[in-house]
1. So, restricting to helices (runs of 4 or more DSSP H) that lie completely within region 48-114, which ones have at least 3 residues that are within 21 Å of Leu148 (Cβ to Cβ)?
2. Conditions first: (1) in contact with a strand residue (DSSP E or B) (Cβ under 7 Å, 6 or more places away or on another chain); (2) within 17 Å of Lys106 (Cβ to Cβ). Arg7 passes all but one, so which condition is the exception?
3. Could you check region 39-90 and list, in sequence order, the residues that are over 21 Å from Glu130 (Cα atoms) and among the acidic types (Asp, Glu)?
4. Among the numbered criteria (1) in a helix (DSSP H, G or I); (2) in contact (Cβ under 8 Å) with a residue 24 or more places away in the chain; (3) more than 16 Å from Lys87 (Cα to Cα), which one does His184 miss?
5. Being assigned to a helix (DSSP H, G or I) and either touching a strand residue (DSSP E or B) at 6+ places or on another chain (Cβ under 7 Å) or free of Cβ contacts under 8 Å to residues at least 24 places away in the same chain (or both) is the filter; apply it to region 121-139 and report the residue that is surrounded by the fewest Cβ atoms within 10 Å (Cβ to Cβ).
6. Quickly run through region 19-43 and pick out the residues that are farther than 19 Å from Gly105 by Cβ and in a helix (DSSP H, G or I).
7. Does region 1-34 hold any residues that are crowded, with 19+ Cβ neighbours inside 10 Å, within 16 Å of Ala122 (Cα to Cα) and not hydrophobic (A, V, I, L, M, F, W, C), and which are they?
Amino acid sequence: MELIEKRINYTFKNKKLLQIALTHSSKTNEDKSKENNERLEFLGDAVLDLCIGAYLYKKLPNKKEGDLTKLRAMIVCADSLYLSSNKIELGEYILLGKGEINSRGKYKKNIIADAFEAVIGAIYLDSGYEKAGEIAISLLQDIIDKALDGKLTYDYKTILQEYVHANNITNFEYKLLKITGPEHAQEFTSEVLLDNKSVGIGTGHNKKESEQNAALKALGKLNLI
């Protein structure tokens with residue numbers, strides 16, 4: 001618990017709140033004495049919407065409501081929370097049931113993003129809105145900056161790259177296997193390799209699209225989506 005507190009730069013007064021925030025429902029299905037993080041996730045989702053909305057409102061006084069809504073949605077989406085969580089290795093601290101452990105649940109985007117929301121909800125209960133908002137902004141600052149610069153985009157290659165980085169995988173590459181069809185309608189086939197093992201093959205109308213589809217197949221095989 002102390003290590004994750006250091007990573008989020010917050011020390012809980014009520015340690016039980018943090019434990020609940022990190023307990024997935026699959027764990028409580030096995031141990032009825034534990035409380036899962038679903039209620040804290042609900043609360044944290046509301047806190048994130050408010051604090052990110054308030055931040056954008058103050059930061060961008062000339063933006064219209066529709067633009068602010070789109071920016072907020074990009075910042076607090078599951079992909080953003082997943083990527084920010086990987087930087088603090090949040091998945092390593094989530095308590096999972098045996099089934100989810102076996103299916104590599106600590107790497108699954110939705111489980112990790114939900115735990116992020118739950119942690120923010122727990123901080124809100126422990127210290128109030130101001131502190132919860134402060135921690136949320138600090139953890140999401142890179143995502144926020146990219147969104148404000150118009151550089152926040154998500155693709156399957158990005159998500160796979162974050163997984164590779166979080167798990168210290170050194171051998172990672174895309175390989176173009178073949179190009180078929182006439183010049184005006186070529187089809188590209190690419191393969192993604194992790195530790196020299198093929199984890200996904202995809203096709204597309206160009207190399208980039210084939211790599212995206214190969215990354216999608218890899219994420220599915222790794223149970224990340």
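The values are calculated or read from the model by the stated rules, or taken from the named source; none is laboratory data. If you're wondering where the values come from, they're calculated on a predicted model, not measured in any experiment. Methodologically, a virtual Cβ is constructed for each residue, glycine included, from the backbone with ideal geometry; neighbour enumeration extends over all protein chains shown.
1. In region 48-114, 65-75, 78-87 are the helices (runs of 4 or more DSSP H) which contain 3 or more residues that are within 21 Å of Leu148 (Cβ to Cβ).
2. (1)
3. Glu65, Asp67, Asp79, Glu89
4. (2)
5. This residue is Glu130.
6. Once the filter is applied, which keeps residues that are farther than 19 Å from Gly105 by Cβ and in a helix (DSSP H, G or I), region 19-43 yields Arg39, Phe42, Leu43.
7. Within region 1-34, Tyr10, Thr23, His24 meet the criteria.
Yes/no matrix, rows are residues, columns are (1) in contact with a Phe, Trp or Tyr (Cβ under 7 Å, 6 or more places away or on another chain); (2) assigned to a strand (DSSP E or B); (3) on the phi > 0 side of the Ramachandran plot; (4) not assigned by TED's automatic domain parsing to the domain that holds Ser80:
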{"residue": "Glu162", "(1), (2), (3), (4)": "no, no, no, yes"}
{"residue": "Thr170", "(1), (2), (3), (4)": "no, no, no, yes"}
{"residue": "Leu176", "(1), (2), (3), (4)": "yes, yes, no, yes"}
{"residue": "Ser190", "(1), (2), (3), (4)": "yes, yes, no, yes"}
{"residue": "Val199", "(1), (2), (3), (4)": "no, yes, no, yes"}
{"residue": "Lys208", "(1), (2), (3), (4)": "no, no, no, yes"}
{"residue": "Ala214", "(1), (2), (3), (4)": "yes, no, no, yes"}
